[in-house]
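Novice: This is the structure I have questions about; it appears just below.
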Amino acid sequence: MFQVLYLDNHLLTVYKSAGVLSQSDITGDQDLLTQGKIFLKNKFNKPGNVFLGLVHRLDRPVSGVMVFGRTSKAAARLTQQFKNHNVEKKYMAIVEGHLEGEGRWKDHLIKDGRNARVVPAAHPKGKVALLSWKALAHQDNTTLVSVELQTGRAHQIRLQFSSRGYPLLGDLRYHSTRSFDGQNLALHAGVLSVDHPTTGKRMRWEAAPPASWANWFPQFHDLHHWKPA
């Protein structure tokens, strides 16, 4: 379900597998937050309940790096960093179609039930969504792109690419016509960087995409050859 990338008295950073919930929902399926608490309880032989603060989320079908706060103070400080956009978040995605070059996109999004959608800038509930992207490679009418988020809106990457005619592979919710690995979508949170909540030191973690990505772009599967833009 997850691999520990970093652990100290204040932080737990893990690699989340695609298909795993970030936190529990009505399905009752296993989730990363609960499993993280079980891991800490067993590792340190802690009695009673274990605190672990969820400060950001990845969608269920998305893989990648997640950080948790091990104390309420650490969680609050991390949450504030995400709120203030003082974090580095880089993703890799495989999108349908042939996308060239690089760019920066700005949209206004609202959450509409389980989905999100683009709305005009004047919409009273619209929230600004900013990202930068760069095309890395092409194959079989798909494009491998690196993406850096400046904001963190619900389904932001999925929607901003889909609304321009480049849906993520496997993202049936946002108009993909092609399967990725049968159950997940081609989006991976490969880089996360935050300030340590107590020391202030800048922390940075990287994780390569899952093995299923090798079926599409094998040259980018090995972490040693994976250089996100």
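Only the coordinates and a few stated rules stand behind these numbers; no lab work does. Model, not experiment: these values are computed from the prediction. For neighbour counting, all protein chains shown are included, and Cβ atoms are generated from backbone atoms with ideal geometry for every residue, glycine included.
Novice: Could you size up the charge dipole of region 117-220 around its Cα centre, putting +1 on the beta carbon of Lys and Arg and -1 on that of Asp and Glu, and report it in debye to the nearest 20? All intermediate terms of the calculation are to be shown ahead of the outcome.
Specialist: Working: 12 positive and 6 negative charges, 93 e Å.
In debye, rounded to 20, region 117-220 gives about 440.
Novice: Can you compute the charge dipole magnitude of region 51-162 about its Cα centre, using +1 on each Lys and Arg Cβ and -1 on each Asp and Glu Cβ, nothing else charged? Give it in debye, rounded to the nearest 20.
Specialist: Numbers: 18 positive and 9 negative charges, 156 e Å.
About 740 debye.
Novice: Which whole-number percent is the relative contact order of region 2-225 (Cα, under 8 Å, 6+ apart)? Each step should come with its number before you reach the end.
Specialist: Working: 471 pairs, mean separation 42.9, N = 224.
19 percent.
Novice: Just check region 48-120 against the gyration tensor rule for me: Cα atoms, a ≥ b ≥ c as the square roots of the eigenvalues, rounded for a/c under 1.5, and otherwise prolate or oblate depending on whether a/b exceeds b/c.
Specialist: On the way: a/c = 2.04, a/b = 1.90, b/c = 1.07.
Here region 48-120 falls in the prolate category.
Novice: Sorting Lys201, Lys90, Lys41 on the 10 Å Cβ count, fewest up front, what's the list?
Specialist: Numbers: Lys201 8, Lys90 20, Lys41 15.
Starting with the residue having the fewest Cβ neighbours, the order is Lys201, Lys41, Lys90.
Novice: Among Arg202, Arg60, Arg178, determine the one that fluctuates most according to a GNM of the chain built with springs between C-alpha atoms less than 10 Å apart.
Specialist: Result: Arg202 has the largest fluctuation of those listed.
Novice: Further, regarding this structure: Roughly how many whole Å is it from the C-alpha centroid of region 35-56 to that of region 114-178?
Specialist: Between the Cα centres of region 35-56 and region 114-178 lies a distance of 34 Å.
Novice: Taking the Cα centre of the chain as the origin and placing charges on Cβ (Lys, Arg +1; Asp, Glu -1), which of Val4, His188, Ser162 is farthest toward the positive end of the dipole?
Specialist: The Cα lying farthest towards the positive end belongs to Val4.
Novice: Calculate for the chain the 222 nm mean residue ellipticity that helices alone would give, adding -39,500 (n - 2.57) per DSSP H run of length 4 or more and normalising by residue count, nearest 500 deg cm²/dmol.
Specialist: On the way: 3 runs with 32 residues, N = 229.
Value at 222 nm, helices only: -4000 deg cm²/dmol.
Novice: Can you list the lysines whose alpha carbon is less than 21 Å from that of Lys106, not counting same-chain residues fewer than 8 positions off?
Specialist: Those lysines meeting the cut-off are Lys83, Lys89, Lys90, Lys125, Lys127, Lys134.
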